[in-house]
Amino acid sequence: MIQFHELRNGDVVLVEFEGQRKEGEVIGLDGAERMVNVRVGEQDEFWYEPKDLFPIPLDEGQLTKLGFESQVLENGQVKYMRGPFRILLARRGDFSHFEMWYREDRRHITQPLGVHQLQNHYHQMTKVDLSRVEQPH
């Protein structure tokens, strides 16, 4: 479950409906009703309660979908870059402990993040939304 206060328009989450989970994008928030409008696929959009929303674990594949490029350093660390924004992993695939920075704002992350949490950090640091890039078919 994702807490309502953690969500912003544009966040990518998993929605659960009838026992199945699918990726979707938050396109609306109703604070009074505490409901979240999520678009799944091209046209399907529905309102969900926060109890039906789950984080997508952050990994290399998700960073690629968000437009990050990777660089393996000689010491085995992996740096992910999108413009001037950086993420540095001590070891490839270990998203439990890493650094991220944008200009002078550096953050040390000590637990795995969901994609929506990275999107929120990115927005706080850059004042720009982090959304998925179109993938070639």
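The values are calculated or read from the model by the stated rules, or taken from the named source; none is laboratory data. Just so you know, these numbers come straight off a predicted model, no measurement behind them. All Cβ positions, even for glycine, are placed from backbone atoms using ideal geometry, and neighbour counts span all protein chains on display.
Yes/no per residue for (1) in the same structural domain as Ile87 (by TED's automatic domain parsing); (2) assigned to a loop (DSSP other than H, G, I, E, B):
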residue: Val15; (1), (2): no, no
residue: Lys22; (1), (2): no, no
residue: Leu29; (1), (2): no, no
residue: Ala32; (1), (2): no, yes
residue: Val38; (1), (2): no, no
residue: Glu42; (1), (2): no, yes
residue: Trp47; (1), (2): no, no
residue: Thr64; (1), (2): yes, no
residue: Ser70; (1), (2): yes, no
Residue match in segment 82-94 (condition: closer than 18 Å to Asp129 by Cβ, touching a residue at least 24 places away in the same chain (Cβ under 8 Å), of a type in the set (Val, Ile, Thr) and not in a strand (DSSP E or B))
no
Those residues of segment 49-62 which are in contact with an Asp or Glu (Cβ under 7 Å, 6 or more places away or on another chain) and assigned to a strand (DSSP E or B) amount to Phe54
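Each row is one residue, and each column tells you yes or no for (1) buried (at least 16 other Cβ atoms within 10 Å of the Cβ); (2) over 20 Å from Val133 (Cα atoms).
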residue	(1), (2)
Asp11	yes, no
Val15	yes, yes
Gly19	no, yes
Val26	yes, no
Asp30	no, yes
Glu33	no, yes
Gly41	no, no
Kindly indicate the residue of segment 98-118 that is in contact (Cβ under 8 Å) with a residue 40 or more places away in the chain and among the hydrophobic types (A, V, I, L, M, F, W, C) and also nearest to Val26 (Cα to Cα) among those meeting that condition.
Val115
Filtering segment 47-59 for residues that are surrounded by fewer than 18 Cβ atoms within 10 Å (Cβ to Cβ) and either of a type in the set (Lys, Arg) or over 17 Å from Met1 (Cβ atoms) (or both) leaves a count of 2
